[in-house]
Amino acid sequence: ETKSKAKVTKEPVSKCFPARTDSRRRLYAKATFLGFKRAQRAQKEDTALLAIQGCKDRRSSSWYHGKRVAYIYRKKNAKTGINYKAIWGKVNASHGSSGVVRASFAKHLPPRAMGAPVRVMLYPNKQI
């Protein structure tokens, strides 16, 4: 006897987050660390530029203002015994008209993190 499983289809939450068939939901948006804010000759290491997946214009990037950001990397953590550490930050502003955002972190991100994935948490949500 084989039981056929019926797929449960849910309506999509938004265009950025398609409907899923299971109950798990990701509580963060994927982003990429592009580099630091800079002028022609000077670089500001205190402000990181992030490209968020699915965020293509300035208007949609304004929704992420105030959201928390985590850069997670592999490192032995003696305190917790977990082999991961995180540097936390916050989205401050939009940068340009193509959906890139500025973020400031508690500690400056290392240069080896350029091009690495970053998590933009979907909280705090001010629309509730």
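Key figures for this structure:
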| item | result |
| --- | --- |
| Within region 4-47, considering residues that are modelled with pLDDT of 60 or more and open to solvent by 100 Å² or more (accessible area, probe 1.4 Å), the one nearest to the chain's Cα centre (by Cα) | LEU27 |
| Single residue of region 79-97 satisfying the filter (farther than 18 Å from TYR28 by Cα and modelled with pLDDT under 95) that is most open to solvent (accessible area, probe 1.4 Å) | LYS79 |
| For ALA106: the one exception among (1) surrounded by fewer than 19 Cβ atoms within 10 Å (Cβ to Cβ); (2) in contact (Cβ under 8 Å) with a residue 40 or more places away in the chain; (3) hydrophobic (A, V, I, L, M, F, W, C) | (2) |
| Residue in region 57-78 that is surrounded by 13 or more Cβ atoms within 10 Å (Cβ to Cβ), without any contact (Cβ under 8 Å) to a residue 24 or more places away in the chain and not aromatic (Phe, Trp, Tyr) present | no |
| Selected residue (criterion: most open to solvent (accessible area, probe 1.4 Å)) from residues of region 111-128 that are in a loop (DSSP other than H, G, I, E, B) and touching a residue at least 12 places away in the same chain (Cβ under 8 Å) | LYS126 |
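The values are calculated or read from the model by the stated rules, or taken from the named source; none is laboratory data. Bear in mind that the values here come from a model prediction, so they are computed numbers and not experimental data. Note that we place each Cβ from the backbone using ideal geometry, even for glycine, and neighbour counts take in every protein chain shown. Keep in mind that these areas ignore ligands, DNA and RNA; they rest on the heavy atoms of the full protein, side chains included. Shrake-Rupley method; radii C 1.70, N 1.55, O 1.52, S 1.80 Å.
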